[in-house]
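Here the structure is laid out as structure tokens; the discussion comes afterwards.
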Amino acid sequence: MDLTNDDVEEIVRLLDSSFYDELRLKTDKFELRLRRSGSGWTEEKTTLSTPNLLDAPTTAPAPAAVKASEDIEGLVSIRAPMVGTFYRAPKPGAPAFVEVGAEVTEDTVIGIIETMKLMNSASAGARGRIVEILAGNGEIVEAGQVLMRLERAAP
Amino acid sequence: MTMRRVFIANRGEIAVRILRTCKKLGLASVLGASEADLHSTPAKLADEVVRIGPARSSESYLNIEAMIGAALRSKADAIHPGYGFLSENVDFAAAVRAAGLIFIGPTEANLRAVGDKLRARGHAEDAGLPLAPGGSISTPADARALAERIGFPLLVKAVGGGGGRGLKRIDAMAQLEATVDLAIAEATAAFGDSRVYLERFVASGRHVEAQLIGDGETVLDIGLRDCSVQRRYQKLIEEAPAPGIPEGVSEKIREAAVAFGRHLKYFGLGTVEFLYDRETQEFYFLEMNARIQVEHPVTEAISGLDLVEEQLALADNGKLRLTASDIRLKGHAIECRLNAEDWRQDFRPSPGVVTRVLFPAGPGIRVDTHIENGASIPPFYDSLMAKIIATGDDRNDAIAKLARALSAVEIQGVSSNRDLHIALLTRSDFAQGAVDTAYLADFLASRAATP
């Protein structure tokens, strides 16, 4: 924004001594809305300029492959609890938490999802045997995306 | 200035912050952005944007080759690394300089001296700074003997760590070996360096740090900050000056920081961190951060300086233009970090799209942010959305202003820790000043105990 914090402060100072409760300022670069709120002011700002990308857009980013998100009759879907990067092993080079055929319980860790620099473990959620692994190591997964499927153990 | 075109090798609020000073000085700005950030607020504000690589940091913001390639393509003549990412990476600084560009930061020797936390301890010792009892360990027998001497509780720290990463607390001899082994395994995975060291844990410790700027010959300090409100060693609330430290002691801490900077022939902006023991009024060197800090605005607020401008000027002509008489501190400033996280659900990260956001505005209020209506918070990076900084005549005035300002914040679309900040700021022990690094954990524990 070509409007600095000092500019906004100055405008608020002027408005404060006026009868006005709201100011809307729109240029081709930004839109600013200042509103009286209690004894102070709030600002709502939107930058309207568009990024000036130096490189010609090479190829449009490939649309993320549509990932299977449906349940399959008779199998339990293990879904990603949150968006992030999925890891199948505790660290690079280490063996995967589970492979197809692994027997798991509700609490068995089946992978890690890294979100905002935090590692969150994903667990199987049901007792049974892993029959299919859909999400690859290092893959970016959406919340709710099916990571693996398991066949429930006989009760 | 001979510098004309600054390449920003960072993202988020610090990219916006650096852009603002570039604009003020009439410098052209180029932002290196990952695929996930091509439409971010800093991308809209920069004069030009260069794609550096895929969303994942390892392929973009941490990729030295891609970053320098992008900077050269953009015909920039200087690189500002911000904080985090490559900002304190010796290889990056060397590669920037080898490419004929100005690195806006310390010398490689400086980065090497403080990047290795054990080496930094050695330099601190040489410069006569007080150190918490501790040292390196190489065998389990070593560790036991040293632990015996230090006493419990103590911390095991990764030599390659820092900034709150790679440390663990050990309360008794029985936990020593297993915890050290775990720390070594984690340090190897996280930093590619298996070395760890032990250090005394100070129970009622406060995190106090001195802002330095130097040109290799002259080193000045720009006062102290307190960053004791932390969760898992990550800072949440910071203020300047550091409250409740006897005048003589704060003077000594500042002198110690300057002595350390002089010993290193420090060039650039940096912060020397100390642990201050409330009970004994002693202080110990912790580490040095060789970059601009997240919390730099509180120092700017009480000094009237633009620290990014000082970084650019210093990198441009190699000499400090400030003198000790330019440093006059006035008033009190406090900063809160607004993060995209659900603090009521064990601080669960909350990436997503901010549908609407209102920030406070007015005298004594500053907001440093990359968030506006429609901004997205990708899951690949840290959760910092905005810093709200309030400046008052004194500490109480600043607290009152900040609490009022926070209650005007409205963020829709993602969770934020706004209410946590309001709760922390308005507790009487915070108002009385000088909370220690256990303050936040104690608050959360007391809250959990009373549903």
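Each reported figure results from applying straightforward, stated rules to the coordinates on display, with no laboratory input. Not measured: the values here are computed from a predicted model. In this analysis, Cβ positions are derived from the backbone assuming ideal geometry, glycine residues included, and neighbour counts consider all displayed protein chains.
Worth pointing out:
- Here the spin labels are modelled as points 7 Å beyond Cα on the Cα-Cβ line, and at B:GLN345 and A:GLU142 they lie 1.8 nm apart.
- Estimated D of the range B:1-138 in µm² per second, where Rh is the Kirkwood radius over Cα pairs and Stokes-Einstein applies at 10 °C, 1.306 mPa s: 100 µm²/s
- When you work out D = kT/(6 pi eta Rh) for the range B:341-438 at 10 °C and 1.306 mPa s, using the Kirkwood radius from C-alpha pairs as Rh and the Stokes-Einstein form, the result is 110 µm²/s.
- Normalised by the number of residues in the range B:147-270, the average gap of Cα pairs under 8 Å and 6 or more apart makes the relative contact order 22 percent.
- Listed from fewest to most Cβ neighbours within 10 Å, the set B:MET173, A:MET116 follows the order B:MET173, A:MET116.
- For chain B, the spread of Cα positions along each principal axis, largest first, Å: 58, 51, 46
- Other protein chain Cβ atoms within 10 Å, averaged over every residue that makes up B:16-25: 1
- C-alpha center-to-center spacing [the range B:174-220, the range B:249-321] in angstrom: 18 Å
- Sites A:ASP16 and B:ASP429, calculated FRET efficiency, Cβ-Cβ separation with R0 41 Å, nearest 0.05: 0.75
- P(r), alpha carbons of chain A - 10 Å bins starting at zero, rounded %: 9, 26, 16, 13, 17, 14, 5, 0
- Amide hydrogen neighbours beyond the local backbone of B:ALA55, cut-off 5 Å, H modeled: B:GLU35, B:ALA36
- Spacing of the two label points (7 Å from each Cα toward its C-beta) at B:SER136 and B:SER446, in nm: 4.3 nm
- B:ASN373 long-range amide H proximity, modeled H, under 5 Å: A:LYS45, B:VAL357
- Overall dimensions of the range B:358-400 by Cα: Rg and Dmax, Å: 13.4, 39
- MRE, 222 nm, helices only [DSSP H, n ≥ 4, -39500 (n - 2.57), over the protein assembly as shown, to nearest 500]: -8500 deg cm²/dmol
- Protection proxy ranking of A:11-19, B:49-57, B:111-119, by the mean of other Cβ atoms within 10 Å over each peptide's residues and highest first, is B:49-57, B:111-119, A:11-19.
- Distances between placed amide hydrogens fall under 5 Å for A:VAL131 paired with A:GLY101, A:ARG149, A:LEU150, A:GLU151, all partners being 5 or more residues away or on another chain.
- Rg ratio for the range B:66-175: its Cα radius of gyration over 2.2 N^0.38 Å, N being its residue count, equals 1.42.
- Mean separation of Cα contacts under 8 Å (6+ apart) over length of chain B, as relative contact order %: 14 percent
- Inter-centroid distance (Cα atoms) of the range B:36-101 relative to the range A:65-121, Å: 32 Å
- FRET efficiency, B:ASN396 to A:GLU70 (Cβ-Cβ, R0 51 Å, nearest 0.05): 0.30
- Estimated at 0.36 nm per residue, the fully extended path between B:LYS168 and B:ASP419 surpasses their Cα-Cα distance by 87.5 nm.
- Integer Hz, Karplus 6.51/-1.76/1.60 couplings in order for the range B:92-109, x for Gly and Pro: 5, 4, 5, 5, 4, 5, 5, 7, x, 9, 7, 8, 7, x, x, 6, 4, 4
- Cα-based helix-to-principal-axis angle, A:5-16 vs chain A, degrees rounded to 10: 60 degrees
- Computed on the Cα trace of the protein assembly as shown, the radius of gyration divided by the Kirkwood hydrodynamic radius gives Rg/Rh = 0.96.
- Shielding by partners, peptide A:28-38 (average Cβ within 10 angstrom, other chains): 2
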